[in-house]
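Have a look at the structure below before the remarks.
Bear in mind these aren't lab numbers, they're just calculated from the coordinates by the rules spelled out. None of the values given here were measured: they were computed from a predicted structure. For neighbour counting, all protein chains shown are included, and Cβ atoms are generated from backbone atoms with ideal geometry for every residue, glycine included.
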Amino acid sequence: MILAVAIKQVPNLTDDLEISADGTGLDYDALTYVLNEFDEQALEEAVLVKEAAGGSVTVVGIDTTGELDGALHTALAKGADRAMKVTGDFDRDLGSEGQAQLLAEAIRPLAADLLLTGVQAADDRDGQIGPRLAALLGWPYVGVVTHVTPEPGCVRVHKEYAGGLLAEFVVTLPAVIGVQASHQPPRYAPVSKIRQIAKTAQIESVAGQGTPASSSSVRRMFKPEAAGQAEMWAGEPEEVAGKIATLLTAKGLLKL
Amino acid sequence: MSNDILILAEHLNGKLADITNEMAGQARQLAGALGGQAVAVLLGSGAQALAESIGSDRVLYIDDPALAEFNPEAYARVLAAVVAQRQPRVVMLANSSVGMDLAAGLAVTTGLPLIAYVNALSAEDGRIVATSQIYGGKILAEAVPAGEACLVTCLAGAFRPEAGRAAAAVERIASPAPLDGLKVQFVRLIEPEAGDVDITQQALLVSIGRGIGGAENIELAQELAEALGTVVSASRPVTDAGWLPKTRQVGKSGLTVKPKVYLAFGISGAPEHLEGMRGAELIVAVNTDPKAPIFDVAHYGATCDILDLLPALTERVKSDT
């Protein structure tokens with residue numbers, strides 16, 4: 001089975017996100033980037049499918065940050081066979097709409113049977129990439145998937161609803177699947193292995209054709225006003241522990 | 001183009017999802033401002049009663065056996081046809097497992113802009129303005145579509161539900177799109193595993209998030225929970241990493257809990273998590289990031305390191321009881 005995984009980098013949310021001077025975006029230069037956590041799950045699921053059914057995994061992303069190589073090397077260390085990046089003069093905030101168009105062009109020649117991608121990303125302001133890719137490629141899409149089982153000509157998937165309810169679907173290939181979580185936790189790639197791969201790996205470059213325009217524009221980006229509801233406790237962990245214990249006692253949850 | 005606001009009604013297991021009437025309420029307001037109607041579209045089979053329980057101006061009930069269960073491909077075909085026929089100003093879908101399968105694909109097939117994670121939606125001088133809650137709830141982005149019409153996916157709990165309204169006029173029609181030759185086949189629903197523990201039945205929850213750092217620290221939370229006579233629940237990153245079973249997950253793709261006290265340790269408070277726990281009577285949050293959104297819903301908060309706090313609280317509880 002020829003598998004492809006579409007990945008993207010997103011700002012590291014543990015950083016302080018600052019608004020740009022013009023107030024319509026983030027201060028992108030101040031950000032560090034990480035691989036979208038759901039793409040990590042999609043990669044793992046792809047490698048698991050490859051291990052079960054044979055075949056190869058190609059990882060592809062748009063290099064909007066100039067730093068995609070690191071994510072691609074990590075993917076190779078985790079079991080991907082090929083790594084591709086779409087390069088060009090892209091805006092840092094190139095949305096899902098633009099990314100999907102570029103990705104579809106890059107993925108079409110791969111003649112993949114199955115394309116996996118993260119079900120969502122923290123910066124999907126204009127919607128998720130997976131369903132857009134599916135519509136552009138003319139393939140079916142099922143998202144919020146937590147288990148992909150390969151079968152001849154199709155995959156059997158588990159889709160998650162609220163409350164842990166699952167639906168099982170059989171999807172004819174080629175298809176796009178939006179992965180919520182891999183059915184086994186993502187494997188760990190030792191830094192030494194990633195470094196090794198970084199020295200020898202070939203990352204294939206594809207030139208992106210133009211910068212697609214977005215069909216909606218942000219006129220104001222801002223931080224939510226903290227509702228400021230929480231009464232904050234200062235102090236050492238022992239003092240905070242004491243305050244929590246007092247609360248639990250008052251609620252009748254801690255019998256003295 | 002009409003000035004109607006279309007909403008996709010969502011239902012599962014014979015029950016209308018709460019967000020449907022939340023969107024219906026907002027759609028009526030918006031339609032009122034634009035001089036159109038709020039039209040709910042319900043896809044189903046034998047679901048007339050559900051169609052009648054929606055508080056929109058009108059309901060378009062598309063009745064077909066192939067729509068008895070959610071099928072993303074069948075839904076996408078029907079919705080594309082409905083949108084092409086009715087030319088609404090705005091199509092509202094839930095930012096849910098169902099809506100997220102459809103909206104972005106529909107944006108491609110209809111050529112309409114999509115604004116996602118929407119928690120505010122209005123018309124300014126006839127122009128649609130939608131606010132997206134992105135970057136894990138840390139940033140809001142107010143956007144306008146390039147043309148007059150657009151699609152939006154709406155966050156649960158963002159809008160006041162339209163409750164107690166008389167049943168709207170229900171128009172029952174056959175599917176406007178052929179539903180044969182589908183490449184996606186629904187097989188069955190699988191109920192969540194029972195067993196383990198039921199986190200929805202606890203009066204007190206010790207809930208942990210990414211801040212717990214690693215599998216080796218789960219024990220610290222388990223010890224506290226044991227001392228308190230309760231169990232450990234978690235946010236999605238913890239269960240996705242396999243540190244705790246899926247049955248312990250609180251939030252949009254997990255369970256909704258309403259304990260007397262919810263102790264949120266190392267949880268930043270992504271919107272998906274808040275959706276599952278904001279109904280708790282009392283919320284105490286501890287997170288090293290003072291700007292974490294969890295503090296917006298918590299009643300009490302602290303910013304100390306949970307790896308220090310957990311053992312300190314366990315010791316305190318043990319010495320008190």
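Let me check against my output: what whole-number percent is the relative contact order of chain B, with C-alpha pairs under 8 Å and at least 6 apart?
14
Below 8 Å, C-alpha to C-alpha, sequence gap of six or more: please give me the relative contact order for chain A in percent.
23
Given charges of +1 on the Cβ of Lys and Arg and -1 on the Cβ of Asp and Glu, with all other atoms neutral, how large is the dipole of region B:5-173 about its Cα centre, in debye to the nearest 20?
180
So what is the relative contact order for region B:199-320, in percent, with contacts set as C-alpha pairs under 8 Å and at least six apart?
Value for region B:199-320: 26 percent.
Work through the residues other than A:A6 whose Cβ is under 11 Å from its Cβ and net out their charges, Lys, Arg +1 and Asp, Glu -1.
+1
Could you pull the Cα extents of region B:199-320 along its three principal axes, largest to smallest, in whole Å?
Principal extents (largest minus smallest coordinate, Cα): 36, 28, 26 Å.
Applying a 10 Å radius around every beta-carbon, put A:182-191, A:131-140 in order of their mean neighbour count, most first.
A:131-140, A:182-191
Could you tell me how far the Cα centroid of region B:1-60 sits from the Cα centroid of region B:81-124, in Å?
So the separation of the two Cα centres works out to 13 Å.
Over all residues in B:150-162, what is the mean tally of Cβ atoms on other chains that come within 10 Å of each residue's Cβ?
Mean partner shielding for this stretch: 1.
Distance between the C-alpha centers of region A:92-119 and region A:205-235? Whole Å please.
Answer, in whole Å: 22.
Can you give the log10 of the normalised intensity I(q)/I(0) at q = 0.10, 0.12 Å⁻¹, computed with Debye over equal Cα scatterers of region B:5-173?
Log-scaled intensity ratios, in q order: -0.32, -0.47.
Just for region B:5-173, what percent of DSSP beta bridges are antiparallel, to the closest 5?
Among the beta bridges of region B:5-173, antiparallel pairing accounts for roughly 35 percent.
Can you give the net charge of the other residues whose Cβ lies under 12 Å from the Cβ of A:S205, counting K and R as +1 and D and E as -1?
Net local charge, A:S205 excluded: -2.
Can you give the local net charge around A:V171? Use residues other than it whose beta-carbon is closer than 14 angstrom to its beta-carbon, Lys and Arg +1, Asp and Glu -1.
-3
Could you line up A:M1, B:M23, A:M232, A:M221 from fewest to most neighbouring Cβ atoms inside 10 Å?
Fewest-to-most Cβ neighbours within 10 Å comes out as A:M232, A:M1, A:M221, B:M23.
Taking neighbour Cβ counts within 10 Å as the exposure measure, how do A:S217, B:S253 sort from fewest upward?
By the 10 Å Cβ count, ascending: A:S217, B:S253.
Take peptide B:300-311, look around each residue's Cβ out to 10 angstrom, count Cβ atoms belonging to other protein chains, and average those counts.
Taking the mean over all residues of the peptide, I get 5.
Where q = 0.06, 0.09, 0.11 Å⁻¹, what log10 of I(q)/I(0) comes from the Debye formula for the protein assembly as shown, counting one point per Cα?
-0.30, -0.69, -1.04
Sorting B:D57, A:D39 on the 10 Å Cβ count, fewest up front, what's the list?
Listing B:D57, A:D39 from fewest to most nearby Cβ atoms yields B:D57, A:D39.
Nearest-5 percent of antiparallel DSSP beta bridges in chain B?
Taking every DSSP beta bridge with both residues in chain B, the antiparallel ones total about 20 percent.
Using a 10 Å cut-off around each Cβ of peptide A:135-142, what is the average number of partner chain Cβ atoms that fall inside?
Average neighbour count from other chains, rounded to a whole number: 5.
Given charges of +1 on the Cβ of Lys and Arg and -1 on the Cβ of Asp and Glu, with all other atoms neutral, how large is the dipole of region A:168-256 about its Cα centre, in debye to the nearest 20?
That gives region A:168-256 a dipole magnitude of about 240 debye.
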